[in-house]
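Worksheet for the structure shown next.
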């Protein structure tokens, strides 16, 4: 009871601050902006309980003196303990007591003692805030209410008065270059007539003027040359602003003179390809003049000139623009070929600039290597290695080629039952080639469509993988050719001209070994019919024969029987998941991300993607002489190619509520429609629901489609809706909590699935949207966030004719999710 006394560590003549209240014009203001202006805030609370304060109160002050005093209370106690434990062990015991006590102090939070001087500072800060936002006549005071139980509250009272409004903006114009340029950009001013005065707008305007002039050739200009004279005397709450831009100050040995600014042009651009600024005086044995640039090299030139000049935005014989240097820094860094470049200007007597760019190439070859130990539902242990080789400037155009490999071996869970006694009986290997070209690789000139300031790049990927004793033992081959560019800081575009995927299943006979739930359902139906003399089916021969007999009406089942329909569904799914896939697609994707940095918690992300597959092959099938299979589908290389249209829209929004409190929402919609040469979507292009980053009340692939009750290990469909809202808050230090609600489901639409419970048939199907809710913990390790969530089934669409709300809302049916980083 004593440890939970909040004022336990508060001195007798002091008071614990329990509450701040700010009244602005006699109304409470609870906004985070105003709260952050106060120097003193009450101790943090979790569910209205000051947990960290009470943890702090558990610590003992002067613990080292207390421990030693207890040991020395009995003259022989220390000696007995040293003889029993040894002096070293006794010292460790004392250190452990002190360390634990310090941990309590560090984890806890010291009581906030009312300090009147800090309260006065808060009043000054409140006044400053309102003055800086146009309330020049603001008046503030405070009152402290001290209670008998050593607790106190503080009330702040603010009277703002009438805000001041910008009335006129003037500038004395002179026939100078700066005045002319200022007049051209004045329409973009942050200071506008009839708007309320705000100090921040004057700083933004100072930055705007400086940036605008420096990007129009005024090399020596900086913010110190911009000033504002503000007149509020006898103006009836109006503000008259006079913008003042001084001439350039030129310092000599004993005086300062002022001259009008001049526009500077870039005279020469020198690029030093292998050396830092410190090596600028080293003799260059090779040089090239290309498109007005001079490129120097110590030894033979390793780069094609155009590859370097394309990365430089500073252009000879053009005016100086500060943004050109910024863009050059960014583009050169994105090449992954040089260390951070050094760009400097040298002023010439004729008011021109010589630009020297020093590039330090990274090593041509870089090796990478990683290993991994894993365990899964199909293997007791798995070992993998991932070597990689990065080759820079492979074609002398700053291209990078990355070759990465993947190899793994594992022991399956039934390895001990196999006759060959081989422990590591499963394996997977793969290799990937990725070529990055720092421009749009095209036979046409695309500079006018996608200028180089958009950082265009071309990516060519080729990869292949092969599995043994894993599922259906897939072999995959894929190749992509895509462009990326960024029209603005927040937007990134990606155009996949070609994306080719080929999936070949080598062990189709193991289908029912992988999908055991489907096998159990099929086998139970066979046993009920006394098929195979009442014995379990063996796959693949007996299972395939049973399916064939049912569908050919060679059993007592008929097409109207529920079991017949179940067998038909199993057969349809088996054919779809075991068929080889050939996908030729093109797609366009756009991402708009408004985050300013990694720590920004007030932003939005919008993603949209449109993918079309199979159209080119379908339109040229007759010209190419393609043949059809038994399902009347055109084939290429004896594989029916897929034809579909797929689109996805994803929107994420975060609101920073202050005090490490964030509200995050996500909405997602995706649909893939088969047509032409396809009646269904390939498994790899389908949608699934559930999992740590989706609806957390269901495990991955276990939700849907619709309200159907399937026994499939992997439920997927071609239409998906998902919505999530999550409130994140700080508990203490780097430990955060969250409460969340997830909603969504998957359905089949416009494909060959006939189960009405799995098909989206209109707005009426929205009643099958599953709702999950729960809470979780997150620990922030700075470089990643470890996440633990518990999801409860709040609204379960599987209960078709029963109450769907809160039926499974308990820990027994909860889903426990572990994830890295936030779900959205």
> Which residues, counting only those in the range 121-146, are under 27 Å from residue 11 (Cα atoms) and in contact with a strand residue (DSSP E or B) (Cβ under 8 Å, 6 or more places away or on another chain)?
Replying inline: 122, 123, 141, 142, 143, 144, 145, 146
> Assuming residue 46 fulfils every condition listed in (1) over 37 Å from the mean Cα position of the chain (by Cα); (2) over 19 Å from residue 118 (Cα atoms) apart from one, which condition is it?
Replying inline: (1)
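For the range 796-810, which residues satisfy the criterion of being over 19 Å from residue 700 (Cβ atoms) and either at pLDDT 95 or above or surrounded by 15 or more Cβ atoms within 10 Å (Cβ to Cβ) (or both)? Walk me through it before giving the result.
First, the residues of the range 796-810 that are over 19 Å from residue 700 (Cβ atoms): 799-807, 809-810.
799, 804, 807, 809, listed by residue number.
Tally up the residues in the range 524-572 that are closer than 23 Å to residue 506 by Cβ and in contact with a helix residue (DSSP H, G or I) (Cβ under 7 Å, 6 or more places away or on another chain), please. It would help to see each step written out before you state the result.
Step one: filter the range 524-572 for residues closer than 23 Å to residue 506 by Cβ, giving 537-545, 547-548, 570-572.
If we keep only those that are in contact with a helix residue (DSSP H, G or I) (Cβ under 7 Å, 6 or more places away or on another chain) too, we end up with 537, 539-540, 542-543, 547, 570-571.
Here the count works out to 8.
Please find, among 322, 291, the residue that is at positive phi and in contact with a helix residue (DSSP H, G or I) (Cβ under 8 Å, 6 or more places away or on another chain). First the steps, then the outcome.
Details: 322 fails: at positive phi.
Going through 322, 291 in turn, the sole match is 291.
Can you tell me which residues in the range 787-817 are assigned to a strand (DSSP E or B) and farther than 20 Å from residue 665 by Cα?
805, 815, 816, listed by residue number.
Residue by residue, here is whether (1) crowded, with 22+ Cβ neighbours inside 10 Å; (2) under 25 Å from residue 502 (Cβ atoms); (3) in the same structural domain as residue 50 (by TED's automatic domain parsing) holds:
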{"residue": "663", "(1), (2), (3)": "no, no, no"}
{"residue": "688", "(1), (2), (3)": "no, yes, no"}
{"residue": "696", "(1), (2), (3)": "yes, no, no"}
{"residue": "701", "(1), (2), (3)": "no, yes, no"}
{"residue": "713", "(1), (2), (3)": "no, yes, no"}
{"residue": "727", "(1), (2), (3)": "no, no, no"}
{"residue": "733", "(1), (2), (3)": "no, no, no"}
{"residue": "752", "(1), (2), (3)": "no, yes, no"}
{"residue": "764", "(1), (2), (3)": "no, no, no"}
>> What's the total number of residues in the range 769-786 that are assigned to a strand (DSSP E or B), touching a strand residue (DSSP E or B) at 6+ places or on another chain (Cβ under 6 Å) and over 21 Å from residue 720 (Cα atoms)?
In response: 8
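Residues are listed down the side, and each one gets a yes or a no for (1) part of a strand (DSSP E or B); (2) under 23 Å from residue 820 (Cβ atoms):
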site: 608; (1), (2): yes, no
site: 611; (1), (2): yes, no
site: 677; (1), (2): no, no
site: 690; (1), (2): no, yes
site: 701; (1), (2): no, yes
>> When you scan the range 352-369, do you find a residue that is outside the structural domain of residue 296 (by TED's automatic domain parsing), within 30 Å of residue 513 (Cα to Cα) and in contact with a strand residue (DSSP E or B) (Cβ under 6 Å, 6 or more places away or on another chain), even just one?
In response: no
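Please pick out the residue among 218, 191 that is farther than 20 Å from residue 168 by Cα, in contact with a helix residue (DSSP H, G or I) (Cβ under 8 Å, 6 or more places away or on another chain) and surrounded by 13 or more Cβ atoms within 10 Å (Cβ to Cβ).
Numbers: 191 fails: farther than 20 Å from residue 168 by Cα.
Testing whether each residue is farther than 20 Å from residue 168 by Cα, in contact with a helix residue (DSSP H, G or I) (Cβ under 8 Å, 6 or more places away or on another chain) and surrounded by 13 or more Cβ atoms within 10 Å (Cβ to Cβ) leaves just 218.
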> Which one is nearest to residue 612 (Cα to Cα), of the residues in the range 483-508 that are surrounded by fewer than 16 Cβ atoms within 10 Å (Cβ to Cβ) and free of Cβ contacts under 8 Å to residues at least 60 places away in the same chain?
Replying inline: 487
>> Just to be sure I understand, how many residues within the range 638-655 are closer than 20 Å to residue 577 by Cβ and surrounded by fewer than 21 Cβ atoms within 10 Å (Cβ to Cβ)?
In response: 2
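The rows are residues; the columns are (1) in a helix (DSSP H, G or I); (2) surrounded by 12 or more Cβ atoms within 10 Å (Cβ to Cβ); (3) modelled with pLDDT under 85; (4) more than 34 Å from the chain's Cα centre (by Cα).
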| position | (1), (2), (3), (4) |
| --- | --- |
| 20 | no, yes, no, yes |
| 37 | no, yes, no, no |
| 61 | no, no, yes, yes |
| 93 | yes, yes, yes, yes |
> Filter the range 151-166 for residues that are buried (at least 17 other Cβ atoms within 10 Å of the Cβ) and over 43 Å from the mean Cα position of the chain (by Cα); which is farthest from residue 199 (Cα to Cα)?
Replying inline: 151
>> Of everything in the range 223-259, what is in contact with a helix residue (DSSP H, G or I) (Cβ under 6 Å, 6 or more places away or on another chain) and assigned to a loop (DSSP other than H, G, I, E, B)? Give them in sequence order.
In response: 246
>> Step by step: first the residues of the range 613-625, then only those that are outside any helix (DSSP H, G or I) and more than 36 Å from the chain's Cα centre (by Cα), then the one that is farthest from residue 647 (Cα to Cα). Which residue is that?
In response: 625
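What do you reckon, is residue 142 surrounded by 15 or more Cβ atoms within 10 Å (Cβ to Cβ) and in a strand (DSSP E or B)?
Values: surrounded by 15 or more Cβ atoms within 10 Å (Cβ to Cβ): yes; in a strand (DSSP E or B): yes.
Yes: the conditions hold for residue 142.
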> Does residue 182 satisfy being touching a strand residue (DSSP E or B) at 6+ places or on another chain (Cβ under 7 Å), within 30 Å of residue 261 (Cα to Cα) and either part of a helix (DSSP H, G or I) or free of Cβ contacts under 8 Å to residues at least 60 places away in the same chain (or both)?
Replying inline: yes
> Going by the conditions given, is residue 382 crowded, with 16+ Cβ neighbours inside 10 Å and modelled with pLDDT under 90?
Replying inline: yes
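Every residue in the range 547-576 that is more than 26 Å from residue 678 (Cβ to Cβ), over 49 Å from the mean Cα position of the chain (by Cα) and crowded, with 16+ Cβ neighbours inside 10 Å, please.
If the condition is that a residue be more than 26 Å from residue 678 (Cβ to Cβ), over 49 Å from the mean Cα position of the chain (by Cα) and crowded, with 16+ Cβ neighbours inside 10 Å, then 549, 555, 557 are the ones that fit.
Filter the range 260-277 down to the residues that are in a strand (DSSP E or B) and out of contact with any helix residue (DSSP H, G or I) (no Cβ under 9 Å at 6 or more places or on another chain) and list them by number. Steps first, please.
Our first condition is that a residue be in a strand (DSSP E or B); within the range 260-277, this holds for 265-272.
Residues satisfying the conditions are 265, 267, 268, 270.
If you check 767, 793, which single one turns out to be more than 24 Å from the chain's Cα centre (by Cα), farther than 30 Å from residue 50 by Cα and touching a residue at least 40 places away in the same chain (Cβ under 8 Å)? Can you show your working first?
Values: 767 fails: touching a residue at least 40 places away in the same chain (Cβ under 8 Å).
Matching residue, one of 767, 793: 793.
What do you reckon, is residue 423 at pLDDT 90 or above, more than 31 Å from the chain's Cα centre (by Cα) and not in a strand (DSSP E or B)? Write out each step before concluding.
Working: at pLDDT 90 or above: no; more than 31 Å from the chain's Cα centre (by Cα): yes; not in a strand (DSSP E or B): yes.
So residue 423 fails the test.
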>> If residue 658 meets every condition in (1) out of contact with any strand residue (DSSP E or B) (no Cβ under 9 Å at 6 or more places or on another chain); (2) within 25 Å of residue 578 (Cβ to Cβ) apart from one, which number is that one?
In response: (2)
> Taking into account only those residues within the range 194-215 that are farther than 18 Å from residue 321 by Cα and surrounded by 16 or more Cβ atoms within 10 Å (Cβ to Cβ), which is farthest from the chain's Cα centre (by Cα)?
Replying inline: 197
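On the given criteria, is residue 372 outside any loop (DSSP other than H, G, I, E, B) and buried (at least 16 other Cβ atoms within 10 Å of the Cβ)? Explain how you work it out, then say what you get.
Working: outside any loop (DSSP other than H, G, I, E, B): yes; buried (at least 16 other Cβ atoms within 10 Å of the Cβ): no.
So residue 372 fails the test.
The values are calculated or read from the model by the stated rules, or taken from the named source; none is laboratory data. Note that the coordinates shown come from a computational prediction; the quantities given were computed from them, not determined experimentally. Glycine gets a Cβ as well: all are built from the backbone with ideal geometry, and neighbour counts include every protein chain shown.
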